[in-house]
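Report on the following structure.
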Protein chains: 6
Amino acid sequence: MRILTVNVNTTESMTESIAESARKVAESGVEIVGLTPRFGAPSCEGNMESYLAAVGVMDAVLSYDQPFDAVIQAGFGEHGREGLQELLEQPVVDITEAAASMATFVGRSYSVVTTLDRTVPLIEDRLQLAGLMDRCASVRASNTSVLDLEADENAAIQSIVAEAQRAIDEDRAEVIVLGCGGMAALEAAVREQCGVPVVDGVAAAVTIAQSLVRLGLTTSKSRTYASPLPKDLKGFPLS
Amino acid sequence: MRILTVNVNTTESMTESIAESARKVAESGVEIVGLTPRFGAPSCEGNMESYLAAVGVMDAVLSYDQPFDAVIQAGFGEHGREGLQELLEQPVVDITEAAASMATFVGRSYSVVTTLDRTVPLIEDRLQLAGLMDRCASVRASNTSVLDLEADENAAIQSIVAEAQRAIDEDRAEVIVLGCGGMAALEAAVREQCGVPVVDGVAAAVTIAQSLVRLGLTTSKSRTYASPLPKDLKGFPLS
Amino acid sequence: MRILTVNVNTTESMTESIAESARKVAESGVEIVGLTPRFGAPSCEGNMESYLAAVGVMDAVLSYDQPFDAVIQAGFGEHGREGLQELLEQPVVDITEAAASMATFVGRSYSVVTTLDRTVPLIEDRLQLAGLMDRCASVRASNTSVLDLEADENAAIQSIVAEAQRAIDEDRAEVIVLGCGGMAALEAAVREQCGVPVVDGVAAAVTIAQSLVRLGLTTSKSRTYASPLPKDLKGFPLS
Amino acid sequence: MRILTVNVNTTESMTESIAESARKVAESGVEIVGLTPRFGAPSCEGNMESYLAAVGVMDAVLSYDQPFDAVIQAGFGEHGREGLQELLEQPVVDITEAAASMATFVGRSYSVVTTLDRTVPLIEDRLQLAGLMDRCASVRASNTSVLDLEADENAAIQSIVAEAQRAIDEDRAEVIVLGCGGMAALEAAVREQCGVPVVDGVAAAVTIAQSLVRLGLTTSKSRTYASPLPKDLKGFPLS
Amino acid sequence: MRILTVNVNTTESMTESIAESARKVAESGVEIVGLTPRFGAPSCEGNMESYLAAVGVMDAVLSYDQPFDAVIQAGFGEHGREGLQELLEQPVVDITEAAASMATFVGRSYSVVTTLDRTVPLIEDRLQLAGLMDRCASVRASNTSVLDLEADENAAIQSIVAEAQRAIDEDRAEVIVLGCGGMAALEAAVREQCGVPVVDGVAAAVTIAQSLVRLGLTTSKSRTYASPLPKDLKGFPLS
Amino acid sequence: MRILTVNVNTTESMTESIAESARKVAESGVEIVGLTPRFGAPSCEGNMESYLAAVGVMDAVLSYDQPFDAVIQAGFGEHGREGLQELLEQPVVDITEAAASMATFVGRSYSVVTTLDRTVPLIEDRLQLAGLMDRCASVRASNTSVLDLEADENAAIQSIVAEAQRAIDEDRAEVIVLGCGGMAALEAAVREQCGVPVVDGVAAAVTIAQSLVRLGLTTSKSRTYASPLPKDLKGFPLS
C-alpha cells in the first residue's frame, strides 16, 4: 500500500518531517511518500495562503506519476480536500478531520490547540463543514508560530501545554488535538503534562487512510465529488 | 493485539457471525474474541432491550478474564458505550459511531439503512449524542427484521437496496451505512447495485479499534469516563 | 390516582425521602408509592451506574403488582425513561425533563446546579435528547456529593447557592433547577438567597404526572415507544 | 385559585368557549375567568392581528380588578406572552408552549395541525423562541379557518384528521397538537381516528398553570421579565 | 424616492435625530420622512413597551397619507416588522437586522453593544428569528440608558467603548454593531478607539432600503406577509 | 466610486455580461470594471474548479493597477472571498451571500435555484459558513448548465421556473434567488411567472458594495482577515 502525504506549504523540510511522523504509525508494508507543492507559501497561516495550498496540493498530486492507494492532505485547517476528492477515486484524508474524528472515540469532547490566533477561524470553518463541531469544546491558539516550534521546542511545549490545560479546565475538553502538522513531536510531552489523550493529525490520518483502503472504501462519485467535466483549464496543472 | 467484539444480544450464532466479519478486516496478528451477554434479549429492537444490552455487555466484558486491547460494542444504535468507557482504560468503539465516522471520509453525506422503523429513533439518538448527525442525510428502515435477514437473504437484499436507492435519490446520500450488526454479508450486493460506497459497522469498528491501539490512545479519564467510585453494587456484575 | 415514584438507586431511605417530597405537592386524593430498585448502585453518579439504574427501575415497576396511573423516574440525568415508556401505557415522567420543562415557564433561561462534575455530561445528554437545551444557560456542579447533602446541610446549601449565583451572574440564568433528586429540602433556602425561582425535579414531575392523567394523555404507541415484541429475555425481569 | 383565560381576539363567544374548555380540566376549587380584549381583531390569523392581540391581552389583564393566581394567553402562535410576564408576578402560560411541552412527555415527536397556512410561520416562530422546535416534527395547516370550525364541524374534523394522519405517516409525529384555541372540541374525534395522543392547548395550559401555582413558582424578575420602569405611556392602558 | 423612518417611541426629538442620521447616508434625491407613534412609551426598554411600539409604528405608517417607497423601523430589537410587512407592498427594513446583516460583510463575527441588560434578550430574539445569530459573537449591555446617552455623551462613549473592547477581546468580535437607534453619533468615536468597523443601524437600514428599491424588490405576498384578510378591527387604526 | 466585478471563470464574454448586469443597478457616478482571471476553468461547476477560481480571482485583483473602492466576486457558491478580504482593505462582496442576504429582507424564507446538481453542495457550504442557512428553504438544481443558459434561453427559463415553483410549493420559499452569475437576464421572466420576488446575485452585490462604501465600512483587520504576513510565495501572483 502506498500513501501520499502531501504538505500544504512549499517547505521541503516540513514535508520530510511530516512523512517521518507518518511512517511511525504506518503498518508494515505501507510506503509513505511525501509530496511538496511547487506553488504556494512556505507556511500556511491564513485564508489566502490556504487557497494557494488547495491548488498547490492538487497540482502536486496530479504530477505524481506512480500508483498510490490514498492521499493525506497534511495541513491543519486548510482548504482543498474536496477538490482532491473530485480528481481521485482513492480516499483523501484531511488531517484536521482525521484528528477530530479519532479524538471523539476517546473522550466526550476535544479541544484543538493550534499556533496563531488567525488560524483559529480556518480550523473552525473546516470542522463546521465536516460536521465535527458538536463535540469540539474549543479551538485555542498558543501564539506559537510554525517557526517558533522549530526554534525553541521547550518554550513551544510550555505554551501549548498551558493552553491545553486551559481547554481542559475552562472548556471541559477531555482530549487535546494538536492543531498543526508540525506539532507531532510534542505529543508525548503534552500528554504527560496534561494527563489526557493527545491526538496528532498526521498519525490519525495515516491510520484512517489505512482503514479505508483495508475496507475497500473509495470516494463516492455520486454527487459532490463526481469527476470534473472535461474542460480546457488555463494554467492548471501548473506544468 | 486482542480485540473483544461484544454482541448486544444473547444469540450465540450472531456473536460468531459478528466475529467472523471482524476477522475479515483484522490486521494479521490481531485476535478477535467474540463475547455473548448472559443477560438480555435474543435480538435488540427497542429501548427496553437496548438498556438490557447495556448491562449485558458490561457484564460480559467484566467477566472476561484475559488481557485485551480494545472493545467493540457490536449493536447498531444500542445504549451502553459510555458505561464501558468508565469501566475500562482500553478504547471502546461502538459500531454505529464507527460506521458513521468512516462514511464521512468518503462522501459528503450518508444515510443509514436499518431493519425496523422502531429502531430508527434509537439510531438517531446515538448519532445525535455522538455529534454525527450533521452529515447524516437520513436513517431509513427497510422493514426487514433481524430474523428476515437470515431467512431469505435475497429478499432482504432487495428491500435494503430499494431503501438505499431512495436515500440516494431523495435524501441525497452519497454513502450508505448498513444499520445492523447482521448486515455485513450484504455489503457487496448493496454496493454493486447502488453504485455508492457501503459501510458495515463491524468492519469499520475493527479498523478504528486497531487505529486507536496503534496510536496509543486510551479512553480519557479526566471527566465523563472517569472510573466509577468504589461502591457496593447490588446484583452487578451478574455472577 | 396512584403515582409510582421510583428511586434510581438502591438506598431505601432516599426512596422514602423522595416520596415525602412528592406527597407535599400531590393533589388530595393522589397516592404516592415509592419504589426502590433491587438492582444497581446505592447512589448514581456516572454512566455505568445510570445504566444499572435503567434496568433496576424497569424491574421495580414490572414487579409492582397493583394498578397505578403514572410513573415518575426520580433520578436526575439518568438513563431509562424510554424503556419504561415501551413497557407501559401510563405516562412516565423523568424528573430531569419535568424540572427543565417547568423552569421554562417562569424564566427565559435556566441553569441546573447538580452535585459532582462527572454527572454534568449525563444531564446535558438527557436534556439534549429531550430537546430542552435551547433555553438551558448551563449545567453546573457544586462539588457536593449526595452523601455531603445529608452530612452537612448548611455547607451543602452554601455550595449550591454559590454556584447558582454564578449561573445567574455569568450565564444569565433566570431560574435555577436543583439537579439532584435529594436536593428538594434546599429549595426554600436557595430561592431566598438567590432571589430567582427554584425548581425541584420531584415536585415538578408530580404536577406534570397529575396533569397528564387529568388530560387523559397516555404514552403514544405509534413508533418509538411501541410495546416490545414478545421475546424470551434472559435474566429479566430479575425474579 | 383563580386563573384568567384571556382570549386573543375580540369575539366574546370564543372567550366563553375557551373558558368552558378550561373548566373541564380545572381542579375543583379553581375558578376560571374568561377575558376578552377590547382592542384587536375578531380572529387572529397573521402577524398584524397578532401584534394587536399582544396589546389587547395586556390591556384586558390590566383592566381586571380582582385578585388572580395565573394567566393563560389563549391564542395559538400569538405574540405577547413576554409583555404580560413583565407586568405580572403571577405565572403566565401561553397555550402554544403549554401544548407542545405536554406533548413531549407522551411521544418522541409531535406535529401541530393548525387552521390556515399563513399562521404556520407564527407558530414556528413562537416554538423556536420557546426552545420547543427540536422535537417538533412539523407544523401543518388543514386549510380550515376559525369560522369553518364552527360552520361545519364534521368537515373540519375530516380535514384536520387527514392532515394529522399525514404528519404521522410522513413526518413521523407520535403526538398531535391541535393548533388553534377553538379546536378543543375536536380532540376526541382526532384521537380516535388517528390512534395517537392529541393535545389541546387550553387544557394543557390549565394544568400547567395549576402546577406552577401549586409549586409556588412565579415569574422570574431577574432580567428579561423585570417590571417595566415607570414611564408616561401614551394611550396605554387603553382606558 | 421617499423613505419613512419610523421611531418606535413617542419622543419626537428622537424621531428627528434618527431622521438626521438617515439623511447623512441617503443618496441625493432620497427624501427621509420621520414619523413618531402616537401610542406607546417615551423609550423602549422591554417587551411590554416593544409590543406597544409594534402597534404604534403600524398606526403611524397607516396614518401617513403620502406615497412612499420604503419603511425603516428604527428600534433596536423591537417587535413589529412582520406586521408592517403584511400591511405594505413596499420593503420594510428593521434596523437591528440591517445592522447585523451589513456587519457580516466586513467581518467574520460581530457583537452588538446595546444600552441596558434587559434589552439584550429582545435583541437576541430578533436576531434569532431573522437567522442572524450564527455569526453573532455576543450581545452586550453597556448599562447606559437611552437618557444617559443624551445626558453625558463622553461617559456614554467610554462605557460603550469599554464593552466593545471586551467583545473584541473575549468574544472575538471583528465588527461592532451599535445596539440602539440613538447611538449613531458615537460611531466615529467607537471606531477610532476600538480599531474595528462600527455599524449604526439607521445608516445601514437606509442603504438597504435604497438597495431594495433600486433592485425593484418588494415584500413577498406569497405566504407569511400576505395582506391581512378584511376584518372589522376594534380600536385600530387608532384614529 | 469604482467597483471591480471579478468573474470566477476565464470566459471573457461572461465577464462582460456580468459587468453589464452590474451597470444596470449601479448608481450614477459608479464605474463598473469587469475582470477576468487568467487562471482557471471556462466555467465553474465543482470544488476543483472553484479552488482554481479562488486563486484566479485573487490574482486578477492583485494585477489590477488602478484605484478601486470595492470588489464583487461574481461566482455563485465559489471559494475565495476570505482570501481577497485578507489582501484588501476595501469591502469584498460575494454574490451568493449578497443575494441570500437581500432575499431575507423581502420574505421569511428563500430558495436558491441553480444550474447543475453538483453545484448544490458548494452553495450550501458557502451559505452555511456565511450564517445564511437558517432562512434558506432549499437549494435546488434546474439541470440547466451554464452553456444551456446561453443556447436556449426559453428552455432554460422553463426549467428554472419549474424548479422555482417546486421550491415555493414544497419547500415554502417566499423568495427565489437565482443561483448563477449568468442568470441575471432571466429575473423578470421568473418573477412574472412565479409571482414572488426574485433576486439576482450580481445586482444584489452591487447595491451592497455601494452601501458599504457609502457607510465608510472597510474589512475588519482585527483577526480573520488580517493582512497576510510578508512571505516568499512560490508562483503567486501568477506574473
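Some observations on this one:
- Residues in the range E:189-208 that are of a type in the set (Gly, Ala, Ser) and facing chain F (nearest Cβ under 9 Å): E:GLY195, E:ALA203, E:ALA204.
- Qualifying residue in the range C:146-168 (condition: among the polar types (S, T, N, Q) and over 29 Å from C:PRO42 (Cα atoms)): yes
- Among the conditions (1) buried (at least 17 other Cβ atoms within 10 Å of the Cβ); (2) aliphatic (A, V, I, L, M); (3) over 29 Å from C:ASP200 (Cα atoms), the only one that D:LEU233 does not satisfy is (1).
- Breaking point among (1) crowded, with 24+ Cβ neighbours inside 10 Å; (2) under 30 Å from C:CYS194 (Cβ atoms); (3) not acidic (Asp, Glu), for D:GLY216: (1)
- Odd one out for B:CYS136, checked against (1) surrounded by fewer than 21 Cβ atoms within 10 Å (Cβ to Cβ); (2) under 21 Å from F:THR119 (Cα atoms); (3) touching a helix residue (DSSP H, G or I) at 6+ places or on another chain (Cβ under 7 Å): (1)
- Contacts under 6 angstrom Cβ, first residue in the range F:122-139 being of a type in the set (D, E, K, R), partner modelled with pLDDT of 95 or more, 6 or more apart: F:GLU124/F:VAL139; F:ASP125/A:LEU129; F:ARG126/F:GLY77; F:ARG126/F:THR96; F:ASP134/E:GLY131; F:ARG135/E:GLY131; F:ARG135/F:THR104; F:ARG135/F:SER109
- Hits in the range C:209-238 - residues which are within 11 Å of chain D (Cβ to nearest Cβ) and of a type in the set (Gly, Ala, Ser): C:ALA209, C:SER211, C:GLY216, C:SER220, C:SER222, C:ALA226
- Residues (buried (at least 20 other Cβ atoms within 10 Å of the Cβ) and part of a helix (DSSP H, G or I)) located in the range F:18-35: F:ILE18, F:ALA19, F:SER21, F:ALA22, F:VAL25
- Annotation note: Cβ proximity below 9 Å between a residue of the range F:8-20 that is within 16 Å of F:ILE95 (Cβ to Cβ) and within 14 Å of chain A (Cβ to nearest Cβ) and a residue that is assigned to a loop (DSSP other than H, G, I, E, B) and among the aromatic types (Phe, Trp, Tyr) (sequence gap 6+ or interchain) occurs for F:VAL8/F:PHE76.
- Unique match (being under 27 Å from F:PHE68 (Cα atoms), modelled with pLDDT of 95 or more and not in a loop (DSSP other than H, G, I, E, B)) among F:ALA209, F:ALA164, F:ALA184: F:ALA209
- Boolean, D:ALA167 is surrounded by 24 or more Cβ atoms within 10 Å (Cβ to Cβ), of a type in the set (Gly, Ala, Ser), farther than 26 Å from D:GLN85 by Cα and touching a residue at least 12 places away in the same chain (Cβ under 8 Å): yes
- Candidate set: the range E:187-213, residues that are more than 18 Å from the chain's Cα centre (by Cα) and either among the β-branched types (Val, Ile, Thr) or under 27 Å from F:ARG108 (Cα atoms) (or both); chosen: the one surrounded by the fewest Cβ atoms within 10 Å (Cβ to Cβ): E:VAL213
- Checked against the criterion of being within 14 Å of chain E (Cβ to nearest Cβ), within 26 Å of F:ARG81 (Cα to Cα) and basic (Lys, Arg), the range F:125-139 has at least one qualifying residue.
- Residue ID - nearest to the other protein chains (Cβ to nearest Cβ), chosen from residues in the range C:63-98 that are part of a helix (DSSP H, G or I) and polar (S, T, N, Q): C:GLN85
- Out of D:ALA167, D:ALA156, sole residue that is under 27 Å from F:ASP134 (Cα atoms) and either more than 11 Å from every other protein chain (Cβ to nearest Cβ) or aliphatic (A, V, I, L, M) (or both): D:ALA167
- Of all the criteria given as (1) of a type outside the set (Lys, Arg); (2) at pLDDT 95 or above; (3) crowded, with 24+ Cβ neighbours inside 10 Å, the one not satisfied by A:THR15 is (3).
- Any chance D:VAL206 is in contact with a Phe, Trp or Tyr (Cβ under 6 Å, 6 or more places away or on another chain), of a type outside the set (S, T, N, Q) and under 19 Å from C:SER101 (Cα atoms): no
- If the condition is being of a type in the set (Ser, Thr, Tyr) and in a helix (DSSP H, G or I), then the range C:99-110 contributes only C:SER101.
- Only one of E:ALA209, E:ALA184, E:ALA188, E:ALA205 that is under 25 Å from E:GLU12 (Cα atoms), free of Cβ contacts under 8 Å to residues at least 12 places away in the same chain and of a type in the set (Gly, Ala, Ser): E:ALA188
The values are calculated or read from the model by the stated rules, or taken from the named source; none is laboratory data. Keep in mind it's a predicted model, so treat the numbers as computed, not measured. Every residue, glycine among them, receives a Cβ derived from its backbone with ideal geometry; neighbour counts consider all protein chains shown.
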